[in-house]
Amino acid sequence: MDNRPIGIFDSGIGGTSIWREIQALLPNESIIYLADSSNAPYGEKSKAEILKLSIKNTEYLLKQNCKLIVVACNTATTNAIDYLRESYNVPFIGIEPAIKPAALQSKSKIVGVLATKGTLSSSLFHSTAENHANGIKIIERVGRGLVPLIEKGEVKGDKIIKLLLSFLNPMLEEGMDYLVLGCTHYPYLIPVLKEILPPGIQIIDSGEAVAKQTKAILEEHRVLNTLNVLGKHHFFTNAEKKVLENMVQNNAISTSVEYLNF
Ligand code: DGL
C-alpha cells in the first residue's frame, strides 16, 4: 500500500488523454499532472532539448514525492525514456505509437502513423516499426501544426480539417485501413477524424494500454494505493490554464488546475 501520487507529464494538455484512462482504471490513485505548455510543441525540438525538458519535468515530479512517472508524450518517450530510466530510481511508463496492434489487425497491410517529427525521427520509433511491422507498409506523416491548435482548444473546424486531410489523403490513396495516433494530443481529434475518414478505417491510440501497464507496474512494485478512497488530481500548467481546465473538469472527482512557473 502506497498513497504517494503518480506523476504524469506531457509537453502540454495532450497527456490528459492518458490521464483519463489511468484515472478510470485506477480511481484510488492520486495524480500530479504537469503540462509543459509554454514549451510545446516538443515535436519540433532537438533530441537534446527534449531530453532537457523531460529531466526538468521528472525532477519536479520527484520533488513532489511521486512513486511512478508516466511520460504521457510519445515525443518525450521516444527521445528520453532510456535516459530517465537509467538516471532515476522510480519506475517510468512511456507511450509509443501503437504500431504492433495495427500491424496485426490490418487487412490491407498498409498502416498510417500520424505523429510528431521528434517521434518519427527517433531511433526507438524505428526499431519498434522494424520489429512489429514485418510485411506491413507503414506510411508516416508529421502532424505539423496540429499540436499548437489543440493547445489552444481548437479540436474541430475548417483549419483542423484542412490540415488533417492534407496528412490523411495520401495515406488513404495508398490503401491504409488502420490509422495510428502517435501523439497524445491527437485523441482529442477522434470525433473530427471519424467525420472525415471513410467508414471502415480504424483509429488506434495507446491510452488504454498505457493505463493497463501502469497498473501492472504498480502491482509489480507493490505500490498500489489500496485505500478505498477516490484519488485527488492536481494539474499544473506553465501557460494559460483555461483549456486545461475545460479538458479535465469532472464533477465526479476532485481536480484542481493551477498555474506554476516550472
Ligand atoms: N503530446 C506529445 C506527443 O505525444 C507531444 C506533442 C508536441 O509537443 O509536439 O508526442
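Every number here is computed from the coordinates shown, using simple stated rules; none is lab data. Remember, predicted model here, so these are calculated numbers, not experimental data. With ideal geometry, Cβ positions are generated from the backbone for all residues, glycine too; neighbour counts draw on all protein chains shown.
The value of relative contact order for the stretch 161-262, using C-alpha pairs under 8 Å at least six residues apart, is 21 percent.
For the stretch 103-182, what class follows from the C-alpha gyration tensor (a ≥ b ≥ c being the square roots of its eigenvalues): rounded when a/c is under 1.5, otherwise prolate if a/b is larger than b/c, else oblate?
On the way: a/c = 2.71, a/b = 1.51, b/c = 1.80.
Note, shape of the stretch 103-182 comes out oblate.
Largest GNM mean-square fluctuation across G112, G182, G135, computed for the chain with C-alpha springs under 10 Å, falls on G135.
Enumerate lysine pairs in the stretch 119-197 that are 8 or more residues apart or on different chains, then count those whose Cα atoms are under 19 Å apart. Can you show the working numbers first?
Numbers: K152/K162; K156/K194; K159/K194; K162/K194.
Lysine pair count for the stretch 119-197: 4.
Our summary of shape: the Cα atoms of the stretch 21-143 have principal axis extents of 47, 34, 26 Å, ordered from largest down, in whole angstrom.
When T184, T226, T77 are sorted by how many other C-beta atoms sit within 10 angstrom of their C-beta, beginning with the fewest, the order is T226, T77, T184. Within the stretch 69-96, what residues put their amide N at less than 17 Å from the label point 7 Å along the Cα-to-Cβ vector of A216? So the set is 69-71, 91-96. Taking a sphere under 12 Å around the Cβ of C66 and counting the other residues whose Cβ falls inside, with K and R at +1 and D and E at -1, yields a net charge of 0. Placing unit charges on each Cβ (+1 for Lys and Arg, -1 for Asp and Glu) gives the stretch 117-186 a dipole about its Cα centre, and among Y178, L149, N131 the Cα reaching farthest toward its positive end belongs to L149.
Rounded, prolate or oblate, given the Cα gyration tensor of the stretch 63-206, with a/c below 1.5 counting as rounded?
Numbers: a/c = 2.27, a/b = 1.37, b/c = 1.65.
Oblate is the answer for the stretch 63-206, as a/c is 1.5 or above yet b/c matches or exceeds a/b.
Counting Lys +1, Arg +1, Asp -1, Glu -1, what net charge surrounds F262 among other residues with beta carbon under 14 Å of its beta carbon? It would help to have the intermediate numbers written out before the result.
Values: positive: K52, K56, K63, K241; negative: D10, D36, E59, E258.
My count for the surroundings of F262 gives 0.
Neighbours of T184, meaning other residues whose beta-carbon lies under 9 angstrom from its beta-carbon, give a summed charge of -2 when Lys and Arg score +1 and Asp and Glu score -1. The overall shape of the stretch 150-262, judged from the alpha-carbon gyration tensor, is oblate: a/c is not under 1.5, and a/b is no greater than b/c. Using the Karplus relation 6.51 cos²θ - 1.76 cosθ + 1.60 with θ = phi - 60°, the per-residue 3J(HN,Hα) values for the stretch 221-234 come to 8, 6, 10, 5, 8, 9, 5, 8, 9, 5, x, 9, 10, 10 Hz, with x marking Gly and Pro. Label-to-label distance, E195 versus E59, with points set 7 angstrom from Cα along the beta-carbon direction: 4.4 nm.
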